[in-house]
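Chemist: Let me give you the structure first, and then I'll get to my questions.
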Amino acid sequence: MKHETEDRGSRPARRAVLGAMGLGVAALGAASVAAPAAAQAGRTQTHPAGPADRPPARTRSVPRTGQSLTTLGLGTFMTFDARPGDDRTRLREVFRRYVEGGGRVVDTSPLYGSAEVSVGAFLADTPSDELFVANKIWSTGEYAGDDSHAVASLEQSRLRTWRDTIDLMQCHALVNAGFVVPLLQAWKKEGRIRHVGVTHHESGQQDALAAFVERGDVDVVQTNYSIFDRAAERRLLPAAADQGVGVLINLPLEKARLMHVVQGRPLPDFAREFEASTWAQFFLKWVMGHPAVTTVLCGTSNPNHASDNVQAMYGPLPDAAMRRRMVAHMETLPGFSDIGRMPWYPGKDSQYQGLMRASQAAMRDRLTG
């Protein structure tokens, strides 16, 4: 087992390693912590152990820059979007428990309704140098080559998050990427941002993401990847490993659809071997087990779920053989093969009624009224 801190930058010939491992995974592990609780279905309701009770959270570095990131990040899409006047106490508690549990990466976007505002408010209670903030740009401008909208978005994000320099700015969903990525590179040179990235949440766009990675245009790439959707293993993850590019993962729980499939089912006994005591930890550790993955982004509006999720940063990770075994087990469960046809957040739709949902509902009313 390796120490909790993994340094990808020190590993030569990464593509050769990935290709030799079948599923594109190498054995990864970490020093074990206290013995896991008995395997159980669903989520734990316990708070994470205090800092004195455990080793530091697992981290990995972005090889191109040497930046160290915790292997679990806090996503904010839908979950951190609230309408003006709404009580954000639960969201603040989610943020607090994530940080208390050792997490140090937060991903947001101006497109996520009020999520960016919420993140900024919660950051005010945390020393600014402790958290790595990943943000995004979605900009086309008034005409080709117009950077005014992107500049306005950057300035708005700086004010909302109260950050003079953004740790990572990503071209959101590859919108106007041919212009925006060079602009981000200029901003990095000028010291406005520290890392350049591109993102998407659909597997069909991974070849486009890989092209930016293979050209050496970015420091970080963000993509979808889960035990259900493993398409990123074909080209994008090996390319990131070759180029020393950091990888942020979105949709590790498939927008709660994985949790829906396993609801009421016990964990397999072999989950104890990598100290996963809940299904959420099972799925998150599966993604973290890929050596090209830097940080897995997982959002929630439930503080207890945040306490559960952070435990994935501790204890051993599944190796290549175990990850194959985990996939094989999931393929035996009814509903697993149908996840791609399920709506996002099954059974939880009413929980997320922020600015985005309100705007969508208003447009439906205009079209049907």
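The values are calculated or read from the model by the stated rules, or taken from the named source; none is laboratory data. From a predicted model like this one, the values you see are computed outputs, not experimental measurements. A quick note on method: Cβ atoms are made from the backbone with ideal geometry, for glycine too, and the neighbour counts reach across all protein chains shown. Only protein heavy atoms, including side chains, enter the accessible area calculation; ligands, DNA and RNA are left aside. Shrake-Rupley method; radii C 1.70, N 1.55, O 1.52, S 1.80 Å.
Chemist: Counting residues in segment 70-202 as N, plug N into 2.2 N^0.38 Å and put the Cα Rg over that result.
Modeler: Normalised by 2.2 N^0.38 Å, the Cα Rg of segment 70-202 equals 1.04.
Chemist: Further question: So for segment 242-328, taking the charge dipole from beta-carbon charges (+1 Lys/Arg, -1 Asp/Glu), which of Val327, Gly244, Pro316 sits furthest toward the positive end?
Modeler: Farthest towards the positive pole: Val327.
Chemist: Follow-up. Gly191: net charge of surrounding residues, Cβ under 14 Å, Lys/Arg +1, Asp/Glu -1, itself excluded?
Modeler: +3
Chemist: Straight distance only, please: which aspartates and glutamates reach the Cα of Lys255 with their own Cα at less than 19 Å, same-chain residues fewer than 8 apart left out?
Modeler: Those aspartates and glutamates meeting the cut-off are Asp81, Asp107, Glu202, Asp229, Asp308, Glu331, Asp338, Asp349.
Chemist: Which order do you get for Tyr112, Tyr143 if you rank them by accessible area with a 1.4 Å probe, largest at the top?
Modeler: So the residues, ranked largest to smallest area, are Tyr143, Tyr112.
Chemist: While we're here: Which order do Ser203, Ser226 take by accessible area at a 1.4 Å probe, largest first?
Modeler: Ser203, Ser226
Chemist: Mind listing the long-range amide H neighbours of Gly299? Cut-off is under 5 Å, sequence gap 5 or more, other chains count too, H placed in the peptide plane at 1.01 Å from N.
Modeler: Correct list: Gly75.
Chemist: Quick one: which residues, 5+ away or cross-chain, put their amide H under 5 Å from the amide H of His195? H built at 1.01 Å from N.
Modeler: Amide H neighbours of His195, under 5 Å, 5+ apart: Leu168, Met169.
Chemist: Can you put Met169, Met363, Met322, Met342 in order of accessible area, largest first, using a 1.4 Å probe?
Modeler: The residues order as Met363, Met342, Met322, Met169, largest area first.
Chemist: Distance cut-off 27 Å, Cα to Cα: go down the list Lys136/Lys189; Lys285/Lys348; Lys188/Lys285 and report the pairs above it.
Modeler: Lys188/Lys285
Chemist: Additional query: Once phi is turned into θ = phi - 60°, what whole-Hz ³J(HN,Hα) does the Karplus curve with 6.51, -1.76 and 1.60 give for every residue of segment 58-74, x standing for Gly and Pro?
Modeler: In residue order, the calculated couplings are 5, 10, 9, 9, 8, x, 5, 10, x, 5, 8, 10, 5, 6, 10, x, 9 Hz.
Chemist: Ordered by residue, what ³J(HN,Hα) values in Hz, to whole numbers, does segment 184-192 give under the Karplus form 6.51 cos²θ - 1.76 cosθ + 1.60, where θ = phi - 60° and Gly and Pro are x?
Modeler: Taking θ as phi minus 60°, the curve returns 4, 4, 5, 4, 5, 4, 7, x, 6 Hz for segment 184-192.
Chemist: Rounded to whole Hz and in sequence order, give me ³J(HN,Hα) for segment 291-301 from the Karplus expression 6.51 cos²θ - 1.76 cosθ + 1.60, θ = phi - 60°, writing x for Gly and Pro.
Modeler: Per-residue couplings from phi come out as x, 7, 7, 8, 9, 9, 8, 9, x, 6, 10 Hz.
Chemist: Turning to a different aspect of this structure: Rounded to a whole number of µm²/s, how large is the Stokes-Einstein D of segment 130-194 at 4 °C and 1.567 mPa s, given Rh as the Kirkwood radius over C-alpha pairs?
Modeler: 110 µm²/s
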